[in-house]
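**Q** One structure is given below, represented as structure tokens, and several questions about it will come after.
The values are calculated or read from the model by the stated rules, or taken from the named source; none is laboratory data. Bear in mind that the values here come from a model prediction, so they are computed numbers and not experimental data. Positions of Cβ are backbone-derived with ideal geometry, glycine not excepted, and every protein chain shown enters the neighbour counts. In case anyone asks, the SASA skips ligands and DNA or RNA and just uses the protein heavy atoms, side chains included. Shrake-Rupley method; radii C 1.70, N 1.55, O 1.52, S 1.80 Å.
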Amino acid sequence: MSAQPATRPFEEIPLVPYRDEYAAERPRWIARLATTLGPVFRIDYSPEFRPVYLVGPEANRLVLYTDRDAFSHDLGWSPIIGADFGHGILNMDGEQHAHHRRIMNPAFTMAYMTRYLPLMNEVIRERTANWAGRGQVNLWEETRRITFDVAAGALTGQASGPGVDRLRELFVALMYGYYDPDVDTEESWLERHESALRELRGMLTELIRERRARPTDDLIGRLVSARDERGEPMSDEQLIAHLNILLIAGHETSTTMSAWLLYLLATHPECLARVHDELDRVLGDSDAAVTMDQIRALKVLGNALNEAGRLYPPVGAAPRGTTRDVEFAGYHIPAGTQVRYSIAGSHWLPSVFQDPERFDPDRFAPPREEDRKTPYAYVPFGGGARICLGVNFAQVEIKALAAYVLRRYSLEAAPDRPAEQLYWDILGSPERGLWVDVQARS
Ligand code: HEM
């Protein structure tokens, strides 16, 4: 009888040096590391920060399903979200999380999307009305205006306008307003940051005050009306934290995925032609706003959307902190370790996805169905009990947006404006923009 191989200690997990160039190379780089080193390695960002990367379907299954109790969202996400945005649904754990998620779930079922679709259609129509007149647009900027208006309207009942625009600007400033040593002193940056945070809190507190006085039957209404087992309502602090996370998660990722979907279709004419055939078949000649039944029937568009989310997942890796010792792929990972399950790396594994760097939506269609053949290989929305709360919301919104835009405009990638998805530790985005020339379709 051969002896079981001993589990190797944490220190023997391969340690890989990091260079900034990898931002643009990340999915390819992580997939290559997983192929050569195996599904566990550490990245050496700095001596203080060397998180463990877990890559591939088995790793995703471990974190999202079999051993999910060992992987804390709080220990993973809270250091990333920071003190600014508080303790919302994304960075809660255990029973507290389950309680809050139960309150929110009913507002995110597929059946509930029927309520949001008219608002989505309205915002999409208004926000794209002047595209042809402008000649060239940055899809990544335009889709943010749309997804933020939709999130603010659907989740908090605020109508598009200067107030919602200001809220969006504040979130962007807080998320992307990096310290710039050429213009900032440490004090000036801190002052700017603190003042944006104060303004944001003020706006959300006012919104909560209004909703407490006159509860609505949307998500914010559900949150202000909810009571815990002692009959107590949520505090303002808790409600602000939920709204922060919901408004960020509810638009940032959909912005990136919808912009990439449109850009990838603009640059893959054969696939675009098939999407157009399907739109003509399902929507006919009618100019009417798209319905839920039609959204469901748009399978070719759905596969293209899946493929955009495979190639450029907006959440490139999701953070966790271990709450107990874990063993995986022959290595010991002790309690208290910072871990990332790599969504982008998993999506680029050649062992799962044929020719992974190619935009090939048919990989999701029968008979190939590469995502279904290997469960947990395709995880743009995470998985298991902590799967993205807004997965239905995002898919309906992005399909409605693409259907509307593709029927009315022809898009062509702007020459001299290269498209590039940059990944840092967690999020990926086309930070330099996705620029297209726009013309009205006859
Ligand atoms: C294309 C768009 C989207 C993508 C790619 C995306 C991706 C993800 C991923 C990967 C997770 C899991 C993170 C983890 O495992 O740690 C997640 C969680 C979450 N997402 Fe999304 N998301 C999208 C849209 C949305 C929308 C539209 C909403 C809200 C309206 C939303 C709300 C949330 C929330 C609240 C969570 C935390 C759920 C929990 O921990 O219980 N997301 N999302």
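**Q** When you scan the stretch 422-442, how many residues do you find that are part of a loop (DSSP other than H, G, I, E, B) and open to solvent by 50 Å² or more (accessible area, probe 1.4 Å)?
**A** Counting residues in the stretch 422-442 that are part of a loop (DSSP other than H, G, I, E, B) and open to solvent by 50 Å² or more (accessible area, probe 1.4 Å) gives 5.
**Q** Out of everything in the stretch 33-50 that is more than 18 Å from residue 79 (Cβ to Cβ) and open to solvent by less than 40 Å² (accessible area, probe 1.4 Å), what residue ends up being farthest from the chain's Cα centre (by Cα)?
**A** If we take residues in the stretch 33-50 being more than 18 Å from residue 79 (Cβ to Cβ) and open to solvent by less than 40 Å² (accessible area, probe 1.4 Å), then 38 is farthest from the chain's Cα centre (by Cα).
**Q** Scan (1) open to solvent by less than 40 Å² (accessible area, probe 1.4 Å); (2) within 11 Å of the ligand (Cβ to nearest atom) for the single condition residue 386 breaks and write down its number.
**A** Of (1) open to solvent by less than 40 Å² (accessible area, probe 1.4 Å); (2) within 11 Å of the ligand (Cβ to nearest atom), only one is false for residue 386: (1).
**Q** Give the residues of the stretch 317-336 that are farther than 16 Å from residue 93 by Cβ and away from the ligand (no atom under 16 Å from the Cβ), sorted by residue number.
**A** Answer for the stretch 317-336, where residues must be farther than 16 Å from residue 93 by Cβ and away from the ligand (no atom under 16 Å from the Cβ): 325, 327, 328, 329, 330, 331, 332, 333, 334.
**Q** While we're looking at this one, here's another question. When only residues in the stretch 1-26 that are part of a helix (DSSP H, G or I) and modelled with pLDDT of 95 or more count, which is surrounded by the most Cβ atoms within 10 Å (Cβ to Cβ)?
**A** For the stretch 1-26, the residue satisfying everything is 10.
**Q** Being open to solvent by 10 Å² or more (accessible area, probe 1.4 Å) and either touching a His at 6+ places or on another chain (Cβ under 7 Å) or assigned to a strand (DSSP E or B) (or both) is the filter here; which residues of the stretch 321-340 pass it?
**A** Of everything in the stretch 321-340, those that are open to solvent by 10 Å² or more (accessible area, probe 1.4 Å) and either touching a His at 6+ places or on another chain (Cβ under 7 Å) or assigned to a strand (DSSP E or B) (or both) turn out to be 325, 327, 328, 331, 332, 338.
**Q** Hey, another quick one. Checking the condition within 18 Å of residue 240 (Cβ to Cβ) and not β-branched (Val, Ile, Thr), which residue from 121, 91 passes?
**A** Selected residue: 91, the only one of 121, 91 that is within 18 Å of residue 240 (Cβ to Cβ) and not β-branched (Val, Ile, Thr).
**Q** List every residue pair whose Cβ atoms sit under 9 Å apart, with the two residues 6 or more apart in sequence or on different chains, where the first one lies in the stretch 87-100 and is more than 16 Å from residue 321 (Cβ to Cβ) and the second, anywhere, is in a helix (DSSP H, G or I) and basic (Lys, Arg).
**A** Correct list of pairs: 89/101.
**Q** Determine, yes or no, whether residue 196 is over 22 Å from the mean Cα position of the chain (by Cα), closer than 30 Å to residue 434 by Cα and more than 16 Å from the ligand (Cβ to nearest atom).
**A** Yes, satisfied.
**Q** Follow-up. Of the residues that make up the stretch 364-376, is at least one under 20 Å from residue 266 (Cα atoms) and either in contact (Cβ under 8 Å) with a residue 60 or more places away in the chain or buried (at least 22 other Cβ atoms within 10 Å of the Cβ) (or both)?
**A** Yes: the stretch 364-376 contains one or more residues that are under 20 Å from residue 266 (Cα atoms) and either in contact (Cβ under 8 Å) with a residue 60 or more places away in the chain or buried (at least 22 other Cβ atoms within 10 Å of the Cβ) (or both).
**Q** Restricting to the stretch 148-180, count the residues that are in contact (Cβ under 8 Å) with a residue 60 or more places away in the chain, crowded, with 19+ Cβ neighbours inside 10 Å and out of contact with any His (no Cβ under 9 Å at 6 or more places or on another chain).
**A** Selection size over the stretch 148-180: 4.
**Q** With the condition kept exactly as written, say whether any residue in the stretch 390-403 is within 16 Å of the ligand (Cβ to nearest atom) and outside any helix (DSSP H, G or I).
**A** Checked the stretch 390-403: at least one residue is within 16 Å of the ligand (Cβ to nearest atom) and outside any helix (DSSP H, G or I).
**Q** Is there any pair linking a residue in the stretch 60-77 that is surrounded by fewer than 21 Cβ atoms within 10 Å (Cβ to Cβ) to one that is of a type in the set (Phe, Trp, Tyr), with Cβ under 7 Å and at least six apart or on different chains, and which?
**A** 61/376
**Q** Next question. Against the condition more than 28 Å from residue 425 (Cβ to Cβ) and of a type in the set (Asp, Glu), how does residue 218 come out, does it pass?
**A** When the stated conditions are applied, residue 218 passes them.
**Q** Follow-up question, since we're still on this one. Please indicate, with yes or no, whether at least one residue in the stretch 415-424 is free of Cβ contacts under 8 Å to residues at least 60 places away in the same chain, away from the ligand (no atom under 16 Å from the Cβ) and not charged (D, E, K, R).
**A** Yes, some residue in the stretch 415-424 is free of Cβ contacts under 8 Å to residues at least 60 places away in the same chain, away from the ligand (no atom under 16 Å from the Cβ) and not charged (D, E, K, R).
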